[in-house]
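See below for the structure under consideration.
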Amino acid sequence: ELPGFYYDSEKNRYFRLLPGHNNYNPLTKESIQYKAMECKRLRLLEEEEKQKKKASRAGLNSSMLLQKRQLGLLSSTSYCRLVHELKVNCMQRRKIEIHSPDSSVTGTNNFKIIVADVACERIFTVNDVEHGGCKYGIINLSGLGKESLTVEMYDNLYFTNRKVNSVCWASLTHPDSHLCLMGIAETPGCASLLPASLFSSTNPGDRPGMLCSFKISTAWSCAWCLNPQADNCFSTGLTRRVLVTNVVTGHRQTFGTSSDVLAQQFATQTPVLYNGCRSGEIFSIDVRQRNRKGQSWKAIRLFHNSAVTSIRLLEAEHYLMAADMAGKIQLWDLRTAKCVKQYRGHHNEYAILPVHVNEEEGLLTAVGQDCYTRIWSLQDAHLLRTIPSPHPSSKDAIPSVVFSSRLGGSRGVPGLLMAVKQDLYHFSYN
């Protein structure tokens, strides 16, 4: 590389990089990088179209893998990973048609966040609205196997203008009955607990109001506790503190931290809350204890070199998956407080991006800041597939995804749902 110049491979010569002024200058590092990324994305999309009826790579097909396994030529770990690779690479993208009772809602607003409930029957969506607010809705996935999706999205005057940092489903009266929303009003922000029935078409005149809403400083994350020892509690990750609120009694506990809490998850077997911070620290809090001065209430402590943006506990709760702003995704053993696996290839520099763990299928899914969706084998950290975005990559077009073995409930179809711009796509997983 020559300072102040860039090399154009097509023209086989160097061009001077001009300093960026107010006038449009096509030769800047950003524009060159964007052009290269866009070429790569279009090439990958083209390759996917060509590969529709082919396996991921030569010699990788189910009958041959089974034969090798029966002959003892493949270990169980290798066999599982190769079967996953075969299934993941056979996923094909198809666009989903969204229907809505309110025709003005569909296809006009960009998807920002999609979050599935535990049964994967419904998806809560946050859409950006042109005049600067957000619109919320629930997509019902029951029609996914029938080539279409039905969506019920109702405007609500209370919530339309609130930008959202974080969303989680809450089980108050029954499983996934409510939604926790961490909104940014002006300053301070607002934490709200809304009944999911607000977004249902049944008895529209008889809708319950907000169950819980209070002003807070900027909230970065939220989590709902499913452990009966901390019943009806949700947590809010704030600037330099954690707030645990009981929505029935109104009792609040505050835990001071040395950094902003960007990611949270409750354990289900114990009333323990795991927190990921901007400083790179991950720590746990037992919410049964009273807050004492100092840092003595922190139980497990792990450290990343960059801000932790997402944490996910694995089912047995001995392992914790954590992603940070340096693009590192690591699997931690909570018993020894050591990193046991690292999943390479994820891209992040400054965004708060979630990771999705599907233990049933043995897969880890994450969308990078470069707008590529990557899928790894959970067992051996092998990158199985990189899916390019159907839209040109930009800050406001980072896809939001959901992966499940049962999209639409117990008899649903397996696959990956991807929301990007105004579109929703389904990648069928066999």
Can you run phi through the Karplus equation (6.51, -1.76, 1.60; θ = phi - 60°) for the range 284-290 and list ³J(HN,Hα) in whole Hz, with x for Gly and Pro?
10, 10, 7, 6, 6, 7, 7
In this model, which of LYS35/LYS112; LYS40/LYS328; LYS68/LYS95; LYS40/LYS112; LYS135/LYS395; LYS87/LYS341 are farther than 27 Å apart at the alpha-carbon?
LYS68/LYS95
What number comes out for accessible area per residue over the range 96-428 if the probe is 1.4 Å? Units Å², please.
41 Å²
Measure off, as a whole percent, the carbon and sulfur share of the 1.4 Å-probe accessible area of the range 96-428, all protein chains present.
48 percent
For the range 175-183, Karplus-derived ³J(HN,Hα) couplings (6.51, -1.76, 1.60; θ = phi - 60°; whole Hz; x for glycine and proline) come out as x, 6, 7, 9, 10, 8, 10, 9, x
For the range 96-428, what does the alpha-carbon gyration tensor say about shape, rounded, prolate or oblate, given a ≥ b ≥ c as the root eigenvalues, a/c under 1.5 as rounded, and a/b over b/c as prolate?
oblate
Amide H to amide H, which residues 5 or more places from LYS341 or on other chains are under 5 Å from it, using H placed in the peptide plane?
LEU331
Tell me, what ³J(HN,Hα) does each residue in the range 380-388 have, in order and in whole Hz, if you take phi through Karplus 6.51 cos²θ - 1.76 cosθ + 1.60 with θ = phi - 60° and put x for Gly and Pro?
10, 6, 7, 6, 8, 7, 10, 9, x
How charged is the neighbourhood of GLU359? Take every other residue with its Cβ under 13 Å from the Cβ of GLU359, and add Lys/Arg as +1 and Asp/Glu as -1.
-3
Cut-off under 5 Å, modelled amide H: who pairs with ASP324 long-range:
THR309
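The values are calculated or read from the model by the stated rules, or taken from the named source; none is laboratory data. Computed from a prediction, not measured in an experiment: that's the story for all the values here. In this analysis, Cβ positions are derived from the backbone assuming ideal geometry, glycine residues included, and neighbour counts consider all displayed protein chains. With ligands, DNA and RNA removed, areas are computed over all heavy atoms of the protein, side chains included. Shrake-Rupley method; radii C 1.70, N 1.55, O 1.52, S 1.80 Å.
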